[in-house]
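None of the figures in this text is laboratory data; all of them are computed from the coordinates on show. Bear in mind the structure is a predicted one, so any value in this text is a computation, not a measurement. Here the Cβ is made from the backbone with ideal geometry for all residues, glycine too, and neighbour counts use every protein chain on show.
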There are 2 protein chains.
Amino acid sequence: MLGVVIPLEDSKNKQASVKPLVDLTKADMERVNQLILSKAGSDVQMIPEVANHLISSGGKRLRPMLTLASAAMFGFTGDAHVKLATSVEFMHTATLLHDDVVDESDLRRGKSTARMIWGNQASVLVGDFLLGQAFRMMVDVGSLEALDVLSTAASVIAEGEVLQLSVAKNMETTEDDYLSVIRAKTAALFAAAAEVGPIVAKTDKASRNALKSYGMNLGLAFQLVDDVLDYGGKAADLGKNVGDDFREGKITLPVILSYRRGTADERSFWREAIEGGKSDDQNLEKALGLITRYGGLSDTIARAQHYGTIARDALAPLPESPWKAALLEVIDFCIERVS
Amino acid sequence: MLGVVIPLEDSKNKQASVKPLVDLTKADMERVNQLILSKAGSDVQMIPEVANHLISSGGKRLRPMLTLASAAMFGFTGDAHVKLATSVEFMHTATLLHDDVVDESDLRRGKSTARMIWGNQASVLVGDFLLGQAFRMMVDVGSLEALDVLSTAASVIAEGEVLQLSVAKNMETTEDDYLSVIRAKTAALFAAAAEVGPIVAKTDKASRNALKSYGMNLGLAFQLVDDVLDYGGKAADLGKNVGDDFREGKITLPVILSYRRGTADERSFWREAIEGGKSDDQNLEKALGLITRYGGLSDTIARAQHYGTIARDALAPLPESPWKAALLEVIDFCIERVS
């Protein structure tokens, strides 16, 4: 594939892109992809079928790229970062498989979810298998520090998902409550993915903290932008329909802001829609109107920019390098997805 | 509690009992129970609620006792075995939570399953949380060998559960196929539970293999006896109804033997019952008759005794001790549950 030029993408000037990160991690990502195929393999045929359905469904693989970059930027060569990047991707894939069961989702990225094809049972169990394989790869790397970071992330992610269940359909959820949820369910894995790089590269504690903070705040920005995209923007990129979160009664920041800023009547509307399940297309239209009136999307983007700035400052003390530049550009790329 | 005599149980002579193992591990099991409560805790209220529902539901806690005994019999003192025993129990609990979702079970040990009270979502996610906590405790112990054994077991268990899905309702399942399933889904955790004891006790490789083999074969015997109990015997002890496996279309060894030994007509009956879902009470009666005619239960018990003997011989070269005696008695206890 060397030398293939994709002229249209490159000709957009000044648009932040994930491409520098993709290019820098290209060789290592090929090793990750090999390892994914090998470790999702099993004599039990259903396992690679289900795993590959999701693995090949066109995610950006941002998380494993973070691990690769955050090790390579400190001069690490070897294979520990490849194994840990694969572990991170498996943890993410396992979470998606379980999420689809929990959310009763029919579609992910425009394709039928595994649970629609193979059933809830296979989704739960193949998720468990991938999680087990993730831990085996971490153990194989042999770094107790990396194991500590990633096993803690596994607990925190699950805890965040349960917290999300507890606040589900409760319109009194505050922005702080919501931040606790996304910090745990999304940002913790970004943080762990970025932190294990410096760990295997055996760099200093300050660099490790810098990458951890970068990952955490990038994860928050990423999730907030995802929430905005669900109410508009380039929904096709996500493979989901506008308003999926609304129809599922999911409370995200655009809704929280619009509810709190609304009149008593408007708050009744939100309660009926989100808590009462009155989420037909007409109500979605009304919800979109209220979100626009109260700046629900623009202010959620502003929050994302806030966390993006923290991520940027976290990396500031590190020496300049193509790696650092690529990681910084990813912050803008994540936020500009919505603009 | 020292000196408390339980006259009725002790007066039964020659009946194998789990009591010597319970007595020997009593002090350490109290530490395990404390750790269970502490590590199943979370600010997210639903987590301890769901976890404690299952944890307090009266299982025998055989697996953590195996870990404690298999460390203490080599003179180990400290707390690594307590943490690993708790990890093993959490892995088991997580499996049960996910199993109930996969099997759509309403009852476990005579109580409503967590999924009936809190929903499938909470069962999946709290299971994930307990698995994460299990790994954190293993990492805390810091033995990469123990981590290797237990993370491999986690993958194998999940693989076994998916294999069970694949063979589900297929009457052509052979005894060998079935053994592959229960070796993975049940016996692998017994084996890992018994193997990590000698690992933290830093004993020789031969002792480690002895305990692993003991655990594996004990686990096979245990599961086969469970399968027999489902078709009769002391079903109340299990908190399940006679014939639950039959009604769920589960293929277990009594069914496999009776199907293979039956006439063409009888095989048609089994296919309609198990593959076709005709599993009403009248058909259960007929199934029980066929199982009895073809020695399905007695020969499954004979298989359990076969694995019990292997477990016994695995421990034979180890020096005599109260610990060894207690572990040997547990083999008979598991098999005599059915007699």
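Assuming charge only on the beta carbon of Lys and Arg (+1) and of Asp and Glu (-1), the dipole of chain B about its Cα centre is about 580 debye to the nearest 20. For segment B:16-336, what is Rg from Cα atoms divided by 2.2 N^0.38 Å, rounded to two decimals? Against the empirical 2.2 N^0.38 Å value, I get 1.00 for segment B:16-336.
To the nearest Å, what is the center-to-center distance of segment B:99-126 and segment B:263-326, using C-alpha atoms only? Cα centres, segment B:99-126 to segment B:263-326: 26 Å. Taking DSSP loops as anything outside H, G, I, E and B, show the longest stretch in chain A free of GluC sites (Glu not before Pro) there with at most 15 other beta carbons within 10 Å. Looking at chain A, A:173-319 is the longest stretch - no exposed GluC sites (Glu not before Pro) with at most 15 other Cβ atoms within 10 Å.
Per residue, the Cα convex hull of the protein assembly as shown amounts to 180 Å³. Taking amide H atoms as placed 1.01 Å from N in the peptide plane, the amide H of B:LYS278 lies under 5 Å from those of B:ALA273, each 5 or more residues away in sequence or on another chain.
Distances from A:LYS278 to itself in the other copies, using label points 7 Å out along the Cα-Cβ axis, amount to 5.1 nm in increasing order. Fully extending the segment from B:SER298 to B:ARG260 would add 12.1 nm, taking 0.36 nm per residue of separation and subtracting the current Cα-Cα distance.
Between B:HIS81, B:HIS98, B:HIS53, the residue with the greatest mean-square fluctuation in the GNM of chain B (Cα pairs under 10 Å linked by springs) is B:HIS53. Given R₀ = 56 Å, what would the calculated FRET efficiency be for B:LYS278 paired with B:ASP204, taking r from the Cβ atoms and rounding to 0.05? About 0.55, to the nearest 0.05. Of all lysines in the structure, those lying under 23 Å Cα to Cα from A:LYS83, and not within fewer than 8 positions of it along the same chain, are A:LYS19, A:LYS26, A:LYS39, A:LYS60, A:LYS185, A:LYS202, A:LYS205, A:LYS212, A:LYS324. Each residue of segment A:218-225 was assigned a 3J(HN,Hα) from its phi angle through the Karplus expression (A = 6.51, B = -1.76, C = 1.60, θ = phi - 60°), giving 4, x, 5, 4, 4, 5, 5, 5 Hz with x at Gly and Pro. Taking amide H atoms as placed 1.01 Å from N in the peptide plane, the amide H of B:LEU107 lies under 5 Å from those of B:THR113, each 5 or more residues away in sequence or on another chain. You can think of it this way: the chain between A:ALA316 and A:LYS286 has 6.5 nm of extra reach, that is 0.36 nm per residue less the Cα-Cα gap. The distance between label points at B:GLN45 and A:ASP140 comes to 4.4 nm (points 7 Å beyond Cα on the Cα→Cβ vector).
Other protein chain C-beta atoms within 10 Å of residue C-beta, averaged over B:141-153: 4.
Along segment A:298-310 the Karplus relation, 6.51 cos²θ - 1.76 cosθ + 1.60 evaluated at θ = phi - 60°, assigns HN-Hα couplings of 5, 6, 5, 5, 4, 4, 4, 5, 4, 5, x, 5, 5 Hz to successive residues, with x for each Gly and Pro.
Do any trypsin sites (Lys or Arg not before Pro) in segment B:273-323 lie in a loop, going by DSSP, with at most 16 other beta-carbon atoms within 10 Å of their beta carbon, and if so which? Qualifying residues, ordered by number: B:LYS278. Phi-derived couplings, Karplus 6.51 cos²θ - 1.76 cosθ + 1.60 at θ = phi - 60°, listed residue by residue for segment B:31-42: 5, 4, 5, 4, 5, 4, 4, 5, 7, 8, x, 6 Hz, with x used for Gly and Pro.
Placing unit charges on the Cβ atoms only, positive for Lys and Arg and negative for Asp and Glu, gives the protein assembly as shown a dipole magnitude near 840 debye about its Cα centre. Here is how far apart the B:ASP140 label points are across copies: 2.8 nm, shortest first, using a point 7 Å from Cα toward Cβ.
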